[in-house]
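The structure appears below as structure tokens.
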Amino acid sequence: MSEHCVLFITVESKEEADKISRGLVEDKLAFCVSTVPGIQSTYHWEGKLHVDEEFLLIIKTRKDRYDALETWVKINHSYEVPEIIALPIEQGLPAYLTGIDNWVTNKDS
């Protein structure tokens, strides 16, 4: 089973994307956060259909840091219920995965 995962988180502004990206990496909850600008999200929320322009954060980290990362995002995100979705990394360049391991603080550390 993979020890690494990729998370998707959407945010409403470039400023928020920068704040969350920097915070996760500085706090060693993520190795890398890639920001994809200009996405359009269509979703159902509180009885209404919404269509919003957002930024997508693609976060590379370790599975054992998910709980701490989720808590950090919920505290620092502007949305009441932010999108936080994790997918396992089944395979990857070993040197890159080692980079994740070397940067992201293990939960037992």
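Just so you know, all these numbers are worked out from the coordinates, no wet-lab data involved. Quick caveat: nothing in here was measured; it's all calculated off a predicted structure. All Cβ positions, glycine included, derive from the backbone under ideal geometry; neighbour counts span all protein chains shown.
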Subject >> FRET efficiency, residue 15 to residue 102 (Cβ-Cβ, R0 41 Å, nearest 0.05) >> reply: 0.90
**OP:** Once you've got the GNM for the chain with C-alpha springs shorter than 10 Å, pick whichever of 17, 86, 95 has the biggest mean-square fluctuation.
**Re:** 95
**OP:** Grab the stretch 4-103 and count how many Lys pairs have their alpha-carbon atoms under 15 Å apart, sequence gap of 8 or more, or different chains.
**Re:** 4
Original post:
Got a sec? Which residues in the stretch 4-34 would a label at residue 87 touch, if it sits 7 Å along Cα→Cβ and we count backbone N under 15 Å?
Top reply: 4-10, 34
Original post:
Quick one: Debye curve from the C-alpha atoms of the chain, no solvent, what's log10 I(q)/I(0) at q = 0.14, 0.15, 0.20 Å⁻¹?
Top reply: -0.56, -0.63, -1.03
Subject >> Stretchable slack from residue 95 to residue 8, in nm (0.36 nm times residue separation minus alpha-carbon distance) >> reply: 29.1 nm
Original post:
About its Cα centre, how strong a charge dipole does the chain have in debye, to the nearest 20, once Lys and Arg get +1 and Asp and Glu get -1 at the Cβ?
Top reply: 280
Original post:
When only Cα pairs under 8 Å and 6 or more residues apart are kept, what is the percent relative contact order across the chain?
Top reply: 41
Subject >> Computed helical MRE - 222 nm, the chain, DSSP H runs ≥ 4 contributing -39500 (n - 2.57), nearest 500 >> reply: -9500 deg cm²/dmol
**OP:** Could you list the residues of the stretch 71-108 with an amide nitrogen less than 19 Å from a label point located 7 Å from the Cα of residue 22 in the Cα-to-C-beta direction?
**Re:** 72-79
**OP:** Using DSSP to define loop residues, name the GluC sites (Glu not before Pro) in the stretch 3-50 whose beta-carbon has at most 16 other beta-carbon atoms within 10 Å.
**Re:** 3, 12, 46
